[in-house]
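Worksheet: one structure, shown below.
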Amino acid sequence: MLPSVRRMICPALVGTSCRSHMLYSTASPSSWTKVVSEAEKIVGYPTSFMSLRCLLSDELSNIALHVRKLVGTRHPLISTARGFVCDSRNNLQLRGLVVLLMSKAAGPGKTADPLLEGDLVSGIYPSQRNLAEITELIHTAFLVHRGIVNIMEVTSSHGSLKDMQFGNKMAVLSGDFLLANASTGLAQLQNTKVVELVSSAIGDLVQGVYYENARIDEEKITEDILMTNWERRIFLSHGALLAKCCQGAMQLANHDAEVQEMAFQYGRHMSLAHKLNSDLQPFVAETSCDTMPFCLNSAPVILHQEASGRDTWINQLKKAKVNGKQADYAKLHRIIKAGKGVSSSLDLCRYHGNGALEALRCFPTSEARSTLEKIVYAVTKF
């Protein structure tokens, strides 16, 4: 797989990163924030404002008051709520922002009603802005739902059992509320094709979360942990929503099937590159160290297993056991960095970045298209 990946890497994305044993520095938070800030100006207003009508509603405000009872515990709902207020990487608003940028980059379709062009605000139809908001609401709802903890694994360090059970109830209630609002907004678009697209994306998310919850740990490694399975799982849980909402934005502007497909491909490749960047952080970030946590189902680990062979990887896992029980992640970290998994993941990240850039070629040169390209560069820069 990897030789073909390298051949398809765009020259603009190639630096000295093919050297497998060096540390790679990722784009700084300030540069990422700059790209997002520029993008928000282009689309007319910050995407962080899009969901305020829902987030500041009386119903959710009442939920927020109850959530305050969880302060002092380690329930995930607290950190999720904190991320809504202060997200230094702007990841929470990324999906809606990309949908808006894609809408502006494409403009009205060839068969669009000229009478509707007066509805354009900053080159974007109101229905496309509504779809961007719906995208954010769905993503936020699933973020909240992912904060439900397994009560069987709760210890005294997490907080009282009663508080953790209460936190789970709040996570279900607030996540369902956001998802219900998204569903209502989706119906109001009055476009059956877009409703079908986004509904299927919600189904993909549910399936993706199921795979996440059934993830395999080092005690139950099976042969189905392959990169093809990783890409399918990540598309379901991270890529389907963005890809299908980008496609839906093109449908709302009456673009043809080819443009819709290119918008879909940008969202798909962009999501996979973004997740690969995230999986790589424990191994390439300037602040990374042997104790930085990582998942045994992350891309660098899976590619390390494919390169070294399954039997070799199982033996490495066994040797990294402490007293035959807990895995020594510091030792595994050094083993993986010494192999080909990290460099292969970097190549794959740039491959998907190149795919996203290729999808943008069907759109006319514009500030919005340039910013979509900058987002790709920010994700694939190491």
Take the range 248-258 and flag every residue that is open to solvent by less than 30 Å² (accessible area, probe 1.4 Å) and over 11 Å from Gly107 (Cα atoms). Gly248
Considering only residues of the range 119-136 that are in a helix (DSSP H, G or I) and open to solvent by 50 Å² or more (accessible area, probe 1.4 Å), which is farthest from Glu38 (Cα to Cα)? Asp119
Residue under evaluation Gly353, criteria (1) in contact with a Ser or Thr (Cβ under 6 Å, 6 or more places away or on another chain); (2) farther than 30 Å from Val35 by Cβ, criterion not met: (2)
Positions within the range 264-281 being open to solvent by 10 Å² or more (accessible area, probe 1.4 Å) and farther than 21 Å from Leu100 by Cβ, in sequence order: Lys275, Asn277, Ser278, Asp279, Gln281
Would you call Ala368 small (Gly, Ala, Ser) and either surrounded by fewer than 19 Cβ atoms within 10 Å (Cβ to Cβ) or within 23 Å of Ser237 (Cβ to Cβ) (or both)? no
Taking Gln190 and the conditions (1) under 28 Å from Asn254 (Cα atoms); (2) in a helix (DSSP H, G or I), which numbered condition does it fall short on, given that it satisfies the others? (2)
Looking at the range 211-240 only, could you name the residues that are at pLDDT below 80, part of a helix (DSSP H, G or I) and out of contact with any Lys or Arg (no Cβ under 8 Å at 6 or more places or on another chain)? Asn213
Residue within the range 320-341 that is surrounded by 20 or more Cβ atoms within 10 Å (Cβ to Cβ), of a type in the set (Gly, Ala, Ser) and modelled with pLDDT of 90 or more present: yes
With the checklist (1) surrounded by fewer than 19 Cβ atoms within 10 Å (Cβ to Cβ); (2) touching a Lys or Arg at 6+ places or on another chain (Cβ under 9 Å) in hand, flag the one item Pro300 doesn't pass. (1)
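The values are calculated or read from the model by the stated rules, or taken from the named source; none is laboratory data. None of the values given here were measured: they were computed from a predicted structure. Using ideal geometry, Cβ is built from the backbone for each residue, glycine included, and neighbour counts are taken over all protein chains shown. We work out accessible area using only protein heavy atoms, side chains counted, and drop any ligands, DNA or RNA first. Shrake-Rupley method; radii C 1.70, N 1.55, O 1.52, S 1.80 Å.
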